[in-house]
Every structure is written in structure tokens, then in C-alpha cells.
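To keep things clear, I will list the structure first and then write my remarks on it.
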Amino acid sequence: MDADEQDICNYLKQWPKQFISGREIAKRAGGKHRAKDEPTWATSPLLRMVEKQIIEADRGGHFRLIQQKKKLPPKKWVSPQIKKLLEESGKKFEGVIDVDTPDDSPS
């Protein structure tokens, strides 16, 4: 990734879910003096980044970073004994209790 692409990437990190126009990216990522001297400097780096699938574009010519999907850690049993007892009971407890959600009861 060259310096222009890095500047664009750093700017788009500030707005992770929002599409931003190429003109606005050229103004903000490269500075107002560069945008004044070369108003279309960001066009080729933006197209290269779309080809590399670093950013995505909508139909209106606006761009944003591609969102990375977070991997959820595997669910673990509290103890092997509880797992064994529940499996032996023959009942299915999937989706009944979600351990990852915080408890709303006061401590």
C-alpha cells in the first residue's frame, strides 16, 4: 500500500460505516492544499483500493472501508460435569440460556 492509499485508509477509518464521496476524500485525506492543486489526485488510488478489495464503492461514487466480520469465540461449558448431566437428560438446551449477555440483576 503506497502513501496515498494509506492516507485514504486512515481517513476512512474515522467513518467506518459511512460512504464518503471521492471529492471529500481528496479534500480531507490529502489536505486542502493538495486538493486545490490536484482535485482528482484520489481517483486512481481509490480505484486501486476497490480492485484490491480494501474499500467498497456504491453506485453514487462514494467509498467506505470493507467491514471485517468478527469471529465469535466458541461457547464453553461451565464444567464437564454439567455438560455430561445435561446430555444424559436427553433434553436440548440450545438457545435457552445465553451466557454472553450481561446479567441485569443488581449485585
**Request:** Using per-residue counts of other Cβ atoms within 10 Å, averaged over each peptide, order 7-13, 49-55, 81-87 from highest down.
**Result:** 7-13, 49-55, 81-87
**Message:** Cβ neighbours within 10 Å, averaged per peptide: list 27-38, 62-73 in order, most packed at the top.
**Reply:** 27-38, 62-73
**Fill in**
Among [x] 23.8, 74; [y] 14.1, 47; [z] 13.5, 41, the entry matching Rg and Dmax of the Cα atoms in Å as calculated here is [x]
**Message:** Below 25 Å, Cα to Cα, which lysines can Lys84 reach? Residues fewer than 8 away in the same chain don't count.
**Reply:** Lys75, Lys76, Lys92
**Request:** Please give the helix 3-12 orientation as an angle from the longest Cα principal axis of the chain, in degrees from 0 to 90, rounded to the nearest 10.
**Result:** 50 degrees
**Request:** Please get the size of the charge dipole for the chain, origin at its Cα centre, with Cβ charges of +1 on Lys and Arg and -1 on Asp and Glu, quoted in debye to the nearest 20.
**Result:** 40 debye
**Message:** Taking 37 °C and 0.692 mPa s as the conditions, I'd like the Stokes-Einstein D for the range 3-65 in µm²/s, using the Kirkwood hydrodynamic radius from alpha carbon pairs.
**Reply:** 290 µm²/s
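Every read-out reported here was derived from the displayed coordinates using simple, explicitly stated rules and does not represent laboratory data. What you see is a predicted model, and the numbers here were worked out from it, not measured in a lab. Note that we place each Cβ from the backbone using ideal geometry, even for glycine, and neighbour counts take in every protein chain shown.
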